[in-house]
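Reading through the structure tokens given below for one structure.
The values are calculated or read from the model by the stated rules, or taken from the named source; none is laboratory data. All of these numbers come straight from a predicted model, not from anything done at the bench. Neighbour counts are summed over all protein chains in view; Cβ atoms, including those assigned to glycine, are modelled from backbone coordinates with ideal geometry. Protein only, heavy atoms only, side chains kept; ligands, DNA and RNA dropped before computing areas. Shrake-Rupley method; radii C 1.70, N 1.55, O 1.52, S 1.80 Å.
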Amino acid sequence: MRRPIVLVPACQRQLGNHAWHMAQDKYLHAVLHGAGCMPLLLPALGADADLDLDAALQIADGIMLTGSASNVDARLYGEDILHPDLPQDPARDATTLPLIRAALARQLPLLAICRGFQEVNVALGGSLHQAVHAVPGMMDHRENGLDPLARQYAPAHRIKLMPDGLLSRLLGGESEMMVNSLHGQGIARLADGLLVEALADDGLVEAYTVASAAGFTLAVQWHPEWRVEDNPQSMRLFGAFGQACRDFQEQQHRKNDRTG
């Protein structure tokens, strides 16, 4: 049987005179070597997303939403954009939000990271802090962009895992862990139906699952894809996601055999 196919929605970037669709190698590497699946880039289709998503979902065994330098458009959760100088990606927003809802309806395994974590919350009706560090009582969760990458992605703060939650179970019953932290935005109001899996010491949601999802769903604010093979905890997360994609693939094969 072929490797399960994991759709990875691309960001849209302007390079010179041309628009490009792209994803960082570390995410694709983690899908391939951490989850044991085949990553397949989905262009940021923008306004055309609703017309084409079904064709992509027909071949998908899972979805992984990546991080990005861009922010989710605040107007999608009813606020004005407070910092219009920060990068936006409307084509990605218009692609990922309907993709998330369609993937959950199809019970596809879903792993969401950083921006992807925020996208799922917004897609399901939640809202974001546009600048977590400006919220009284919150830590500054941003990295120092002048640091070497190894320092930017080094463990930065603790998170506490919910007892008996999916994340804790995947990590062998651990109650806390250290994570990296490279984000300026974060969850303000958690969407209805999302179940908290981990919190930072300042109370910011760091991981959640979709309570009603029949299959695997996990969204995390940190970056487990970074040097995934060097981090046993990250390998467990991607391994569980990959197994869920293989299980979904097998279920689809059995279903097709019965109807064929």
Take segment 1-144, compute every pairwise Cα distance, and split them into 5 Å bins from 0; I just need the percent in each bin.
2, 9, 19, 22, 20, 14, 9, 4, 1, 0, 0
Quick check: at a probe of 1.4 Å, how many percent of the accessible area of segment 197-260 sits on carbon and sulfur atoms?
45
A chain fully extended from residue 157 to residue 52 at 0.36 nm per residue, minus the present Cα-Cα distance, gains in nm 33.8 nm
Full extension between residue 85 and residue 196 adds, at 0.36 nm per residue less the Cα distance, a length in nm of 36.8 nm
In Å², and per residue, what accessible area does the chain have when probed at 1.4 Å with the other protein chains present?
47
Roughly what percent of Cα-Cα pairs across segment 200-260 reach past 15 Å?
65
Give the carbon-plus-sulfur fraction of the accessible surface of segment 54-151 in %, rounded to a whole number; probe 1.4 Å, heavy atoms of protein chains only.
54
Mind listing P(r) for the chain? All alpha-carbon pairs, 5 Å bins, whole percents.
1, 6, 13, 18, 20, 19, 12, 7, 2, 1, 0, 0
Residue 189-residue 135 pseudo-label distance in nm [points 7 Å out on the Cα-to-Cβ vector]
1.3
Could you pull the Rg and Dmax for segment 27-90, using just the Cα atoms, both in Å?
14.9, 41
Go ahead and estimate [θ] at 222 nm for the chain from helices alone: -39,500 (n - 2.57) per DSSP H run with n ≥ 4, summed, over the residue count, rounded to 500.
-9000 deg cm²/dmol
Which cross-chain or sequence-distant (5 or more) residues have an amide H under 5 Å from the amide H of residue 191, H modelled 1.01 Å from N in plane?
126, 127
Within a Gaussian network of the chain (alpha carbon springs, distance under 10 Å), most fluctuating of 131, 55, 44
55
